[in-house]
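Asker: Handing you a structure now.
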Amino acid sequence: MKANFILIMAIIIFQSCSKNGDDRLAKQEEIRTKEQIEAQNENQREWGESMEKDLNNRKRFIQSIEGRFNGSIDVRESTFDIQAKFISSIPIEFPSRVRTLDEINFELQNLNLNLFVKLENPRVANSAVTCVVEGYRPDVKNGVINIITESCKNSFALSISNTLNNLSNEQTRSDSRALATQVISGAIDRVEYIQGTFEPSTTSKKYKFQLRRE
């Protein structure tokens, strides 16, 4: 009888310990799962903020140069009118709410620049040469737009600028980088001038020009 009593108590104690052990394991697993979810959410939040920052930099840059620019260029003893037009591929907005990664990624994939460049001798009828580029992704850090595509016979190198003065190549790069930094930081919201280089398809000689916002 006493032996049976001891056996029953041993079983009860064992079951109690086993239950307590299972509860502890379940609690630990619950805590571990919660920590993993919180870490994943934090990583997604940080990644989203980084993506949104890159997107906003591109938005500010494209927004700052949207519009028309005009100027002239001397090529082989002839003076040509040159016009450039920049248009955002999608409307630009700066939402105040926190957005999903899918929303941010959609704009990163689709926010680009559509370009239109026309070169024309005003004294010669039907002399206009037009170059159209869609879905171009500008170098927002350096403030540079290079148009070298199969769809354009000629190539153009454009840089945002603070001046219409004729600058050296080094001055042009320095000027555009400095201005781009101000643009993407939000300190400047409108670019007034463009420094450019034109290279005809028939020669390797390059011709400089400056454009002013219309």
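Asker: Within the set Lys53/Lys85; Lys53/Lys118; Lys118/Lys153; Lys141/Lys205; Lys59/Lys85, which residue pairs have Cα atoms separated by over 23 Å?
Answerer: Pairs exceeding the cut-off: Lys53/Lys85; Lys53/Lys118; Lys141/Lys205.
Asker: Given the C-alpha centroids of segment 122-137 and segment 152-180, what is the distance between them in whole angstrom?
Answerer: The distance from the Cα centre of segment 122-137 to that of segment 152-180 comes to 20 Å.
Asker: I've got another one for you. On a full-extension model of 0.36 nm per residue, what is the gain between Phe106 and Asn70, subtracting their alpha-carbon distance, rounded to one decimal in nm?
Answerer: That works out to 9.7 nm of additional length.
Asker: Shifting gears a bit: Can you figure out the FRET efficiency of Ala128 with Thr163, using R₀ = 35 Å and their beta-carbon distance, to the nearest 0.05?
Answerer: The pair Ala128/Thr163 has a calculated efficiency of 0.80.
Asker: If I take R0 = 45 Å and measure r between the Cβ atoms of Ser88 and Thr202 in this structure, what FRET efficiency does the formula 1/(1 + (r/R0)^6) give, to the nearest 0.05?
Answerer: Approximately 0.85, to the nearest 0.05.
Asker: Related question: Translational diffusion coefficient of segment 102-214 at 37 °C, 0.692 mPa s, Stokes-Einstein with Kirkwood Rh over Cα pairs, in µm²/s as a whole number.
Answerer: In µm²/s, the coefficient is 212.
Each value in this text was obtained by applying a stated rule to the coordinates, not by laboratory testing. From a predicted model like this one, the values you see are computed outputs, not experimental measurements. Glycine gets a Cβ as well: all are built from the backbone with ideal geometry, and neighbour counts include every protein chain shown.
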